[in-house]
Amino acid sequence: MAKSALSFVCQNCGAAYNRWQGKCDGCGEWNTLAEEDITGATTMPVSVRSRRKGRLFTLETLTGKTQDAPRLSSGMAELDRVTGGGFVRGSVLLVGGDPGIGKSTLLTQATSLLARAGHRAVYISGEEAVAQVRLRAERLGLADAPVQLAAETSVEDIVATLSEGTVPRLVVIDSIQTMWTDTVESAPGTVTQVRASAQALIRFAKKSGAALILVGHVTKDGQIAGPRVVEHMVDAVLSFEGEGSQQFRILRAVKNRFGPTDEIGVFEMTGLGLREVSNPSELFLSERDLGSPGTAVFAGIEGTRPVLVELQALVAPTSLGTPRRAVVGWDSSRLSMVLAVLEAHCGVKLSGHDVYFNVAGGLRINEPAADLAAAAALVSSLTNAQLPTDAVYFGEISLSGAVRPVAQTSARLKEAAKLGFGRAVLPESARGDIGSDAGLSLDTVAGLTTLVADIAARGQVRPGKRADPEKNATPGQNRRQGG
Ligand code: TYD
Ligand code: MG
């Protein structure tokens, strides 16, 4: 019986089927299967392949001389922070993000800075004409940088050109979905093409030692579209995120063979390109809505850096049978957990209320340490009690209603004190980690009930009356509030 060739490939996840179907079993997406000639992926005739004898290579021991991965700083501290200290020679990075988020802008800036520092940096655009790339560089004030520029899409031509002359230190391919190679027959943008093109480019990078950056587009659900298969082939996957309407952009490592994956790089999109934000807390707190109930400042840690951010909650009586729970920037199951603990241990009835929760500034929080701040914001909104504007919150809530200590207490407190906050609400058991010179007054809570009682008491003190702005310091918020 003839072996049937698998020829329908899901354009989202790369799963292959031998007949068409509406839904991909692999990733659950609809209408993503397209016919592809995957037999063309291997061009070598079978007779040649089977005749080739294996080459002998030496096996080494675990001990022995190791050289540090030679790194090349990009000249942008925030980018280096995410890559783990610069581009490693011969490494391949995939940068994903929504269209229009600023990937081309970021990489134009990085290549220009490298070129200015005297390195050979090549920018190959498959989406824009050379004139468009030039126009952007002009706008960024980088038109004088000696970047080598081309608008090309043929992988064979690109590899041949790059192999000429000195080895480039950095090559940017914008984007991998526009590339095509002769070795396979499928159309550009299909999984087979993307995979084969990426393979050829990666082979070039590994052989020559040039650092390679591939740009990839992302689908609306956050997956790197089509070339999800590429994710497994590269050394690092960075994702460039942000709300289109806001000027903050966050670069995050999803995978990194040469560095940490918990660091974020923060940028601000300005009329003159991306500006690095070395102190993100100031940015995230710059538009704080002081004086309204339902907001609490969370002292978080992103990688090695403390980041203060405002959490916002809106709790309102529901008109639906099942109340709504909407979360932006935080894990929704984490919110459900905090709501359940509030209900079970603190007598806070929320089952008749809609709950909306938001992390200001477009940041996404993954730390459990945000539990306490989230609970404070929720209770504050429910009781219509404004929280002290000079307080930060952090601590993990356990299912029993206890507040548990979190890592890096002193770093969080130091950042809060630096930004002018006067007090911190934190787990009782964290007191041991703090020296005498915390720099701000500490309200420790052992359990969530204490916190809820404190906030409820505040609510009763001020029925509808705003707290005296003289009494409340306004840290992290300068100029914007009239008074
Ligand atoms: P771009 O880098 O082309 O995005 P991507 O490559 O991810 O698709 O960025 C496009 C957006 O950035 C566009 O909406 C305009 C904006 N932008 C600025 O605000 N300032 C600038 O200096 C530049 C170059 C772009
Ligand atoms: Mg682009």
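The values are calculated or read from the model by the stated rules, or taken from the named source; none is laboratory data. Keep in mind the model is a prediction, meaning the values are calculated, not measured. Glycine gets a Cβ as well: all are built from the backbone with ideal geometry, and neighbour counts include every protein chain shown. Ligands, DNA and RNA are stripped out before the accessible areas are found, and what is left, the full protein with its side chains, is counted by its heavy atoms. Shrake-Rupley method; radii C 1.70, N 1.55, O 1.52, S 1.80 Å.
Using alpha-carbon pairs under 8 Å, 6+ residues apart, how would you state the relative contact order of the chain in percent? This gives 12 percent for the chain. Between the listed residues TRP330, ALA187, GLY265, the Cα displaced farthest toward the positive end of the dipole of the chain, a dipole computed from Cβ unit charges relative to the Cα centre, is found at ALA187. Within straight-line reach of LYS418, meaning a Cα separation under 15 Å, sit the following aspartates and glutamates at least 8 residues removed in sequence or on another chain: GLU282, ASP390, ASP437.
Highest average first, the peptides 401-412, 327-338 ordered by how many other beta carbon atoms sit within 10 Å of their residues are 401-412, 327-338. A helix-only calculation puts the chain at -8000 deg cm²/dmol for mean residue ellipticity at 222 nm, using -39500 (n - 2.57) for each DSSP H run of at least four residues, averaged over all residues. Of the whole protein surface, SER400 contributes about 80 Å² of accessible area at a 1.4 Å probe radius. Dipole size in debye (nearest 20) for the chain around its Cα centre, Lys and Arg Cβ +1, Asp and Glu Cβ -1? Charge dipole, the chain, about its Cα centre: 740 debye, nearest 20.
Note on region 378-453 and region 126-143: Cα centroid distance 48 Å, given to the nearest whole angstrom. Could you pull out the pairs from LYS206/LYS255; LYS103/LYS255; LYS53/LYS207; LYS53/LYS255; LYS65/LYS103; LYS65/LYS206 whose alpha carbons sit more than 26 Å apart here? Pairs exceeding 26 Å: LYS53/LYS255; LYS65/LYS103.
Since only LEU251, LEU212, VAL82 are under comparison, the one whose Cα sits farthest along the positive direction of the charge dipole of the chain, derived from C-beta charges on Lys, Arg, Asp and Glu, is LEU212. Given R0 = 41 Å, the distance between the Cβ atoms of LEU62 and THR161 translates into a calculated FRET efficiency of 0.55.
For the chain, the share of accessible area belonging to carbon and sulfur comes to 52 percent (1.4 Å probe, ligands and nucleic acids excluded). Label reach from GLU243 (point 7 Å along Cα→C-beta): in region 324-362, amide nitrogens under 15 Å belong to 326-330, 356-362. Taking 4.7 Å between beta carbons as the limit, the unpaired Cys residues of the chain are CYS346. For the chain, the Kirkwood hydrodynamic radius comes to 25.4 Å, computed from all pairs of different C-alpha atoms. Highest mean first, the peptides 144-154, 389-399 sorted by other C-beta atoms within 10 Å per residue fall in the order 389-399, 144-154. Rounded is the label for region 71-278. Its Cα gyration tensor axes, ordered a ≥ b ≥ c, give a/c under 1.5.
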